[in-house]
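For reference, the structure discussed in these notes is given below.
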Amino acid sequence: MPKYYEDKEEDGQACGGVREDLRQCLLESPCVLQENKSPKQCLREGHCKGLQLTFFACKRSMLDTRSRFRGRKGY
C-alpha cells in the first residue's frame, strides 16, 4: 500500500510518509468519493484501518524512550 516515488519531496516531519499515504487512502476511498463524507468520518467508520494503525504506531514510537535505540516504527 505505501507509495514510494523517486522525486517525492521529503517533508521532514516524523511519520510523514505514513501520514501522506493515509491521507491519499482516505481521499481515494469510496466513502469520500461516492458518499461525500468527510475523511474524518470515514476514518471513524474504519476505512484505511491498516494505515491508521501504522500511523498510530509511528506516533507512539516517538514517545517511547526505547526508540532511541530501535528507531521509529513505520517508514
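The values are calculated or read from the model by the stated rules, or taken from the named source; none is laboratory data. No experiment lies behind these values; they were computed from the predicted model shown. Please note: Cβ atoms are built from the backbone with ideal geometry, for glycine as well, and neighbour counts cover all protein chains shown. Surface areas here come from the heavy atoms of the whole protein model, side chains and all, with no ligands, DNA or RNA. Shrake-Rupley method; radii C 1.70, N 1.55, O 1.52, S 1.80 Å.
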Restricting to the stretch 44-54, name every residue that is surrounded by fewer than 20 Cβ atoms within 10 Å (Cβ to Cβ) and either part of a helix (DSSP H, G or I) or among the aliphatic types (A, V, I, L, M) (or both). 44, 45, 49, 50, 52, 53
Take the residues in the stretch 57-75 that are open to solvent by 100 Å² or more (accessible area, probe 1.4 Å) and more than 20 Å from residue 21 (Cβ to Cβ), then tell me which one is modelled with the lowest pLDDT. 68
Find all pairs meeting these conditions: Cβ atoms under 6 angstrom apart; at least six residues apart or on different chains; first residue within the stretch 33-47 and closer than 18 Å to residue 20 by Cα; second residue of a type in the set (Val, Ile, Thr) and assigned to a helix (DSSP H, G or I). 39/32; 42/32
Quick one: count up the residues across the stretch 25-65 that are touching a helix residue (DSSP H, G or I) at 6+ places or on another chain (Cβ under 9 Å) and among the polar types (S, T, N, Q). 6
